[in-house]
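Student: Right, I'll just put the structure down here and ask away after.
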Amino acid sequence: MSASPSSSKATRILSSGNKFDAGFQLSFKNEISLALDPEETLLCQALKAGIPHVHECGGQGRCSTCRVVIESGQENLSPETDKEKRLKARKQLPHEVRLACQCKAKGSVSLRRVIRDEFDIRNVLENGIVPSARSHSVAILFCDIRNFTEFSQQHLPYDITHMLNRYFQAMEQVVIQHQGYLDKYLGDGFMAIFGLESPSSVACSQAVNAALEMLSTLKKLNDYFEEAFAYRFQIGIGIDFGPALLGEFGGPQKRSFTALGPAVNRASRIEALTKTLGKNLLISDALYQKLASSDNRLNEQILNRYFLNSDLVSLKGIREAVRVWCFSDDNSADRSEGHSDDSQTANNKISSIESLSQTNADIPSHQTTDDFSDPEHLSMDFAVDNLAEVIGSPAIAVVAAYDPTGQSDTIDMAIAKVSFHDDNHLTVNLPLGHKFSKGDLLTIHLDNRTGVDEYDAELRVFRSSYKARVRAVAGNQLTVDYREFSLVHGMSEALALREPGYQYPSDERKMRELPITPLVEVPEFNTDEYTNKIGVLVTRTPEQPHTTVMAFLSTTEDDIFIISFPSTFKVQQLQRDIRCCFAIDQRASFTFENAIEWNYVLIDAIAYEVPEKHPLYQPVKAAFIDKNPWEVAFFSDPNVRLYHLKCQSTFCPARGA
């Protein structure tokens, strides 16, 4: 690389025509000084003098790369333009920093460039004043194959290659036919851009029509795939519209054209949401409104036929709630046995949960209405003989019991280590400080998902509220027999046992509406708990407490937010007694052994409801979905309720409580 102008050791003064006032100078500290031209911006003067002054946006006041620090002569500079004011406010730049592309000088100024490393210098020398990227409003489409991991495990490598190449070739042709640009392949998915050379409304129309044709093309492809490989693809498509930065990005060895910006991020998140909502196509409200305002009859017909329902959702990594429009057409999406039915709306999912007590009459009512359910898993294709098969032994469990002496109505809780026996009896190792005697009754919550840092989208959750009686005590170790338990998987009972003569205790307590939350301000949510996907709710039932796995949102004050339906067993118990407990098992971040010793939070709480019209409902809902994105479908049901468990006290050894 040849020596750059800035490598000159001597300061030099440039002079030219009469318009320059020889009395005024523009001095770049440790670089050069030149005769001032009051008609040119500082950037233009620097570039004409051979200074490799970085200006990524092309000198349009849309980036901060040309900024300079004014050493002296601030009073000689022109006032800040509107562009400069907006950018400085956004970047919180101090008064002495100016954009070289936006200001001129009427008197001597001394300044210092900020961005000036070798990469930037070389980039400027190669590109001149032409910006390396431009901002332009485009439609961004993401498409992904559902359950690709499952598919790849079931087929031979070269069969997968053949199917994927056939699929990608067909989809690429659709994108090109609708004047789209296939930006990149992303494993089993791809990203496409529409509107590089088209008006905004046309770009949105091109993207939606391409998506519709992709669904139609998939149906034809699947006829072939099913005949040749006994498999049918399902896909999810997400589209957004908005400004993006378009240009060549990358290093010297590999640069490629692409789009960057919020619209790209949202489109990717919207595509990911298709599986949660059970839809194969979602579009953003920005794209919907662009089509609706286009005065194009064809666009109007598409919206009125295919996009009739919308929902306000929270997308991961995006602060503001986003409205998405759901594609609906019973004849468009491919249907096949063993795969999710994309025409089934979130309301259908909730309805199937509410009717579960009728379709699974043998399961106790308090085991049939968990919030972790999916119509795809109404039955199991294997039998379970004992708990250790699916829970694992040893396991961590939540133990809850009433005071056996009757002197207190509090619930004693602990996180315990549990070992399983072949006959489904348990050995329980409790932390110090918990006293139980032979014959005492306790409830042990068992599941294979608490404390993990990811949520199983296929809902393969085994859980049980194990009602036990203490058979023997040896120090802090208990041997317990079951009185009754039902092991539930998804929405099916996998195993159920009761001791001879056991009957569910009657409950004569009256149910009352829960009080309204006393909160008046949005609480500070505890993002440290985001890796803990589900916790355990403990409600007060006759003889022994009841436990249920729950998605949750916590605050820094140890308050808990959950969602459920008034018809569920757990909510009915809260309506009978608003006192409850909640356990957060933090194995997502710490080891098995540490979780038993200290890493958990046990909360005593009072239950309240947060009505939909309450000012806290929407911000709490958005934060809840941000932490638990698979729960978004439940908010589509008008019967879902948001509940606030207000912390009264905690036992958390990690905090010395």
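Student: Take segment 25-84 and flag every residue that is among the basic types (Lys, Arg), closer than 15 Å to residue 97 by Cβ and not in a loop (DSSP other than H, G, I, E, B).
Tutor: 67, 83
Student: Another one. Tally up the residues in segment 498-519 that are in a loop (DSSP other than H, G, I, E, B), of a type outside the set (Asp, Glu) and in contact with a strand residue (DSSP E or B) (Cβ under 6 Å, 6 or more places away or on another chain), please.
Tutor: 4
Student: May I pose another question? Take residue 392 and tell me if it is open to solvent by 60 Å² or more (accessible area, probe 1.4 Å) and out of contact with any strand residue (DSSP E or B) (no Cβ under 6 Å at 6 or more places or on another chain).
Tutor: Here the answer is no, as residue 392 does not meet what is asked.
Student: Counting only residues that are touching a residue at least 60 places away in the same chain (Cβ under 8 Å) and touching a Cys at 6+ places or on another chain (Cβ under 8 Å), how many does segment 136-184 have?
Tutor: Here the count works out to 1.
Student: Restricting to segment 396-426, count the residues that are crowded, with 18+ Cβ neighbours inside 10 Å and hydroxyl-bearing (Ser, Thr, Tyr).
Tutor: Going through segment 396-426 one residue at a time, the tally reaches 1.
Student: Any idea which residue in segment 280-295 is farthest from the chain's Cα centre (by Cα), counting only those that are modelled with pLDDT of 80 or more and open to solvent by 10 Å² or more (accessible area, probe 1.4 Å)?
Tutor: The extreme case among them is 294.
Student: Restricting to segment 134-156, give me the number of residues that are at pLDDT below 80 and open to solvent by 20 Å² or more (accessible area, probe 1.4 Å).
Tutor: 10
Student: All but one of (1) small (Gly, Ala, Ser); (2) open to solvent by less than 60 Å² (accessible area, probe 1.4 Å); (3) under 30 Å from the mean Cα position of the chain (by Cα); (4) more than 17 Å from residue 280 (Cα to Cα) hold for residue 187, so report the exception by its number.
Tutor: With respect to (1) small (Gly, Ala, Ser); (2) open to solvent by less than 60 Å² (accessible area, probe 1.4 Å); (3) under 30 Å from the mean Cα position of the chain (by Cα); (4) more than 17 Å from residue 280 (Cα to Cα), residue 187 is out only on (2).
Student: Tell me which residues, restricted to segment 607-640, are at pLDDT 95 or above and either under 27 Å from residue 397 (Cβ atoms) or open to solvent by 50 Å² or more (accessible area, probe 1.4 Å) (or both).
Tutor: 607
Student: Search segment 76-105 for residues that are hydroxyl-bearing (Ser, Thr, Tyr) and pair each with any residue that is open to solvent by 40 Å² or more (accessible area, probe 1.4 Å) when their beta-carbon atoms are under 9 Å apart and the residues are at least 6 apart or on different chains.
Tutor: Filtered contacts from segment 76-105: 78/104; 78/106.
Student: Provide a single number: the residues in segment 520-561 that are over 23 Å from the mean Cα position of the chain (by Cα), aliphatic (A, V, I, L, M) and buried (at least 18 other Cβ atoms within 10 Å of the Cβ).
Tutor: 2
Student: Go through 298, 308 for me and flag whichever is in a strand (DSSP E or B), open to solvent by 80 Å² or more (accessible area, probe 1.4 Å) and either farther than 20 Å from residue 634 by Cα or free of Cβ contacts under 8 Å to residues at least 24 places away in the same chain (or both).
Tutor: When all the criteria are applied, what remains is 308.
Student: Considering only segment 73-90, how many residues are among the polar types (S, T, N, Q) and open to solvent by less than 40 Å² (accessible area, probe 1.4 Å)?
Tutor: Residues in segment 73-90 being among the polar types (S, T, N, Q) and open to solvent by less than 40 Å² (accessible area, probe 1.4 Å): 2 in total.
Student: Further, regarding this structure: Go through segment 91-128 residue by residue and tally those that are at pLDDT 80 or above, open to solvent by less than 20 Å² (accessible area, probe 1.4 Å), within 15 Å of residue 67 (Cβ to Cβ) and not in a loop (DSSP other than H, G, I, E, B).
Tutor: 6
Student: Looking only at segment 157-166, decide whether some residue is open to solvent by 30 Å² or more (accessible area, probe 1.4 Å), among the hydrophobic types (A, V, I, L, M, F, W, C) and more than 30 Å from residue 55 (Cβ to Cβ).
Tutor: Keep residues of segment 157-166 that are open to solvent by 30 Å² or more (accessible area, probe 1.4 Å), which gives 157-159, 161-162, 165-166.
Within this subset, residues satisfying the condition of being among the hydrophobic types (A, V, I, L, M, F, W, C) are none.
The answer is no; no qualifying residue exists.
Student: Tally up the residues in segment 232-260 that are at pLDDT below 85, more than 27 Å from residue 204 (Cα to Cα) and open to solvent by less than 40 Å² (accessible area, probe 1.4 Å), please.
Tutor: Count: 1.
The values are calculated or read from the model by the stated rules, or taken from the named source; none is laboratory data. Since this is a predicted model, take the numbers as computed values, not measurements. Reconstructed Cβ throughout: ideal geometry from the backbone, glycine too, with neighbour counts over all protein chains shown. These area figures cover heavy atoms from the full protein model, side chains too; ligands, DNA and RNA do not enter into them. Shrake-Rupley method; radii C 1.70, N 1.55, O 1.52, S 1.80 Å.
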